[in-house]
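Before any comments, here is the structure.
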Amino acid sequence: MNDITTTAGGGLTNLRQHAGYPSLLLGAFTLLAATLLVVADRFTREPIAARGAEDLKASLAQVIPLELQDNDPVADALSIPSATGVPVRAYRAMQQGRVTAVAFQVTGLGYAGPIELILSLDAQGRILGARVLSHRETPGLGDRIEATKDDWILGFAGLALGDPPESRWAVKKDGGDFDQFSGATITPRAVVGAFKKGLQLFATHQAVLLAPAPGDPGPDATH
């Protein structure tokens with residue numbers, strides 16, 4: 001028994017002293033970590049996706065009036081190309097097959113990083129609503145872009161690319177029509193610029209955005 005134990009212990013000692021032992025140990029830990037990550041991803045993927053879908057619907061509900069839709073804007077979404085080369089997902093509200101509103105995400109570069117917003121427009125290209133999705137702007141200054149902190153962002157409702165003229169879509173400090181915040185010009189400048197790009201994007205792809213959903217002939221089709 002002692003000989004067997006000694007032999008086994010010696011084998012383990014020899015294995016530890018072997019040049020490849022650290023690599024084997026690292027490989028075992030890597031495999032274990034990878035397995036745990038796969039298992040965690042499997043059990044968290046669906047809840048995370050469900051939460052993301054809920055957040056998206058909540059954001060759309062803030063910028064698209066319910067009376068303008070008898071469909072699910074998420075289900076009738078489509079992707080359109082953008083100037084950056086990254087497709088933009090556009091969510092379309094409809095009534096009896098006719099597009100009444102379109103919402104999509106726009107981004108501006110603020111003082112502390114990207115400002116993610118959601119912008120909705122009616123079929124004529126006028127802003128129905130806009131909300132901030134995420135930002136890292138300075139509390140008490142830049143965070144006034146949030147509707148819960150200030151009504152500044154609500155003032156864009158009803159405006160369009162030609163109202164005011166396209167050249168006036170800037171903060172007053174830059175010769176435009178929109179107020180900046182005292183001590184925080186960069187943040188509102190980024191938001192106004194993002195809205196201008198969003199309006200331009202809609203104008204470029206208006207025909208596609210307002211087309212009936214695939215498989216839907218529209219309200220004027222004959223049957």
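The values are calculated or read from the model by the stated rules, or taken from the named source; none is laboratory data. As the structure is a prediction and not an experimental result, all values here were calculated from the model. Cβ sites come from the backbone with ideal geometry, for glycine too, and all protein chains shown count toward neighbours.
Taking segment 61-128 and the strands (runs of 3 or more DSSP E) fully enclosed by it, the elements with 3 or more residues that are touching a residue at least 24 places away in the same chain (Cβ under 8 Å) and not β-branched (Val, Ile, Thr) are at 88-95, 98-109, 114-122. In this entry, ALA90 passes the filter for residues that are in the same structural domain as GLN124 (by TED's automatic domain parsing), among the small types (Gly, Ala, Ser) and modelled with pLDDT of 90 or more.
When LEU141, LEU117, LEU154 are screened for being assigned by TED's automatic domain parsing to the domain that holds LYS172, at pLDDT 95 or above and surrounded by 13 or more Cβ atoms within 10 Å (Cβ to Cβ), only LEU117 passes.
From the set of residues in segment 121-134 that are touching a helix residue (DSSP H, G or I) at 6+ places or on another chain (Cβ under 7 Å) and not aliphatic (A, V, I, L, M), which is farthest from GLN105 (Cα to Cα)? Walk me through it before giving the result.
If we filter segment 121-134 for residues that are touching a helix residue (DSSP H, G or I) at 6+ places or on another chain (Cβ under 7 Å), which is where we start, we get 121, 125, 127-133.
From the residues that got through so far, the ones that are not aliphatic (A, V, I, L, M) too are 125, 129, 131.
Values: GLY125: 15, GLY129: 12, ARG131: 10 Å.
That would be GLY125.
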